[in-house]
Amino acid sequence: MKRMTILAGLSALMLVAPAVAQVAAPSGLTPPVGETPEFKQQKREAAAKLLKLMRPVWTDEQIGRIMYMGWYSGAAALCDDLEIDPVKMTKALNSLEAEKTAGASPEKIQFLERNLMLHVGIATGWVIAGHVRDVPKLCAEARQTKAEVPADRHLFEVTPAPAAKP
Amino acid sequence: MKRSQGFAVIAALVATGMPAAPARADYRQDAARSACSDRIRSQYDASTRNVSASERGYDRFSVTGEARRGSETASFTCRTDRGSVQSVSVGSWRRGGSDAGKTAAAVGIAVGLAAIIAAASSKRRNDDYDRYGRRDYDRGDNGYYNNDSYSPTGGIICYRAQRSCFDDYHNYNARWTQREFDY
């Protein structure tokens, strides 16, 4: 698990939520494990916030693609052995952007580009935060996805297999 | 919500005004970025920009950015271990493009914004919720949880409009999304 990534995210949270700095004394760095009904409800609320943020800019189908990119980015951030393929990610970003910017004014294009970056980033943060209690499970699912889904249909980097000996 | 123990550590650090990450990590990141830029320069005769590094373990970094050679640009990914370059991967060269910078920016933003949205919901309902969310929650219409959905198997719900599938705990499920909507 990329602990520093999580710590950086949590640190960022503290910048926007100083009130929650008043918590119990620290006793270690191990996060609680497992889902709880309360955490489930909080994730439901977080998903709703995410959608409310994106809906003024993107269609439902496009939001789904942003979530798709966010999930792969989040998994790659949390799992040491998984990386985003920058070429695939660029293609996915460009594809979505091209749909919205055709014929748009320069100002509108700039608006969309900035929102795309922001929303993919937030979707990634949502995935990271939502799995902070079950990183091994997420990584296992991500590895399985990488193994089962054709390479051109996922966003993980695939290391070429070594050439067979003659 | 019960805060995680790590969360409490960070909270304590912030509350006391201490930096959340040790300065040594910054030094190691700088070394990783520098090593990769040097390698790109020597191997591809290219300069670099928008270079960012994310930690993959102790003193191991994944460095991404944009390589520029004349009027051509390409994205690159570089991995380092204790300051030494382990591998370099450069994408296709494009004339005048800045796709790599865009990708690097997306990844950078992702790390920078990690946890904010979901963690924000771990607080009590805030003003936005009170202003915009209550009515939607009360009527059960809050985005993914509408009636345009089906369950292809136990514990998975897919939403046709968003072409996305989630599990019972509102986690995105990439495999079922791929299976149902063929991304």
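The values are calculated or read from the model by the stated rules, or taken from the named source; none is laboratory data. Just so it is clear, the model here is predicted, and its values are computed rather than measured. Virtual Cβ from ideal backbone geometry, glycine too; neighbours counted across all protein chains shown.
Couple of notes before you dig in:
- Lone unmet requirement of (1) more than 19 Å from B:Gln178 (Cβ to Cβ); (2) without any contact (Cβ under 8 Å) to a residue 24 or more places away in the chain; (3) more than 8 Å from every other protein chain (Cβ to nearest Cβ) for A:Ala151: (1)
- Which listed residue is closer than 19 Å to A:Val87 by Cα, modelled with pLDDT of 85 or more and among the polar types (S, T, N, Q), from B:Ser52, B:Ser34: B:Ser52
- All conditions in (1) out of contact with any helix residue (DSSP H, G or I) (no Cβ under 9 Å at 6 or more places or on another chain); (2) hydroxyl-bearing (Ser, Thr, Tyr); (3) at pLDDT 85 or above hold for B:Ser98, with the sole exception of (3).
- Residue in the stretch A:63-81 that is more than 24 Å from B:Ser54 (Cβ to Cβ) and in contact with a helix residue (DSSP H, G or I) (Cβ under 9 Å, 6 or more places away or on another chain) present: yes
- Tally, over the stretch B:82-97, of residues that are surrounded by fewer than 16 Cβ atoms within 10 Å (Cβ to Cβ) and under 21 Å from B:Asp30 (Cβ atoms): 5
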